[in-house]
Amino acid sequence: MYWDTKVVDHQIFDTGSFDVAAVKPRGGGGTDAGCLFNWLRKERISPQAIVQFTDGEVGNWGRSTWPTIWAVTSKHITAPFGTTIHVEV
């Protein structure tokens with residue numbers, strides 16, 4: 001899923017076929033993480049877990065009852081819910 005202030009696109013990777021070079025992100029302006037959770041609820045999609053990659057400069061973190069891992073590139077930012085891991089880029 002690709003989102004900024006709204007969900008703008010997605011990609012599907014078959015089991016075992018994920019390749020970082022094949023990732024084609026879209027969007028790029030503003031950070032409203034709540035839009036993803038809202039979109040999933042609206043579409044009646046219930047993932048087993050969510051992994052979010054972000055710099056951590058998030059205006060609205062949203063809310064989620066799904067297990068959520070935040071992969072954050074800013075060492076000084078921790079998400080208000082879920083599990084935060086800090087990723088060096």
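The values are calculated or read from the model by the stated rules, or taken from the named source; none is laboratory data. In this text the structure is predicted, and so the values were computed from the model without any measurement. Cβ atoms come from the backbone with ideal geometry, glycine included; neighbour counts cover every protein chain shown. With ligands, DNA and RNA removed, areas are computed over all heavy atoms of the protein, side chains included. Shrake-Rupley method; radii C 1.70, N 1.55, O 1.52, S 1.80 Å.
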Which of (i) 22, 17, 13; (ii) 46, 20, 7; (iii) 19, 17, 14 is the computed semi-axes √(5λ) of the Cα gyration tensor in Å for the structure on display?
(iii)
Take every DSSP beta bridge whose two residues both sit in the chain, then give the antiparallel share in percent to the nearest 5.
15
Residue-normalised accessible area of the chain, given per residue in Å² at a 1.4 Å probe
69
Applied in sequence order to the stretch 35-52, the curve 6.51 cos²θ - 1.76 cosθ + 1.60 (Karplus, θ = phi - 60°) yields integer Hz couplings, x standing for Gly and Pro, of 4, 5, 4, 5, 4, 4, 5, 4, 7, 6, 9, 10, x, 5, 6, 10, 10, 10
What does the charge count near Val72 come to, summing +1 for each Lys or Arg and -1 for each Asp or Glu among other residues with Cβ under 10 Å from its Cβ?
-1
Would you grab the residues whose amide H sits under 5 Å from the one on Trp3? Only those 5+ places off in sequence or on another chain, please, with H modelled 1.01 Å from N.
Val8
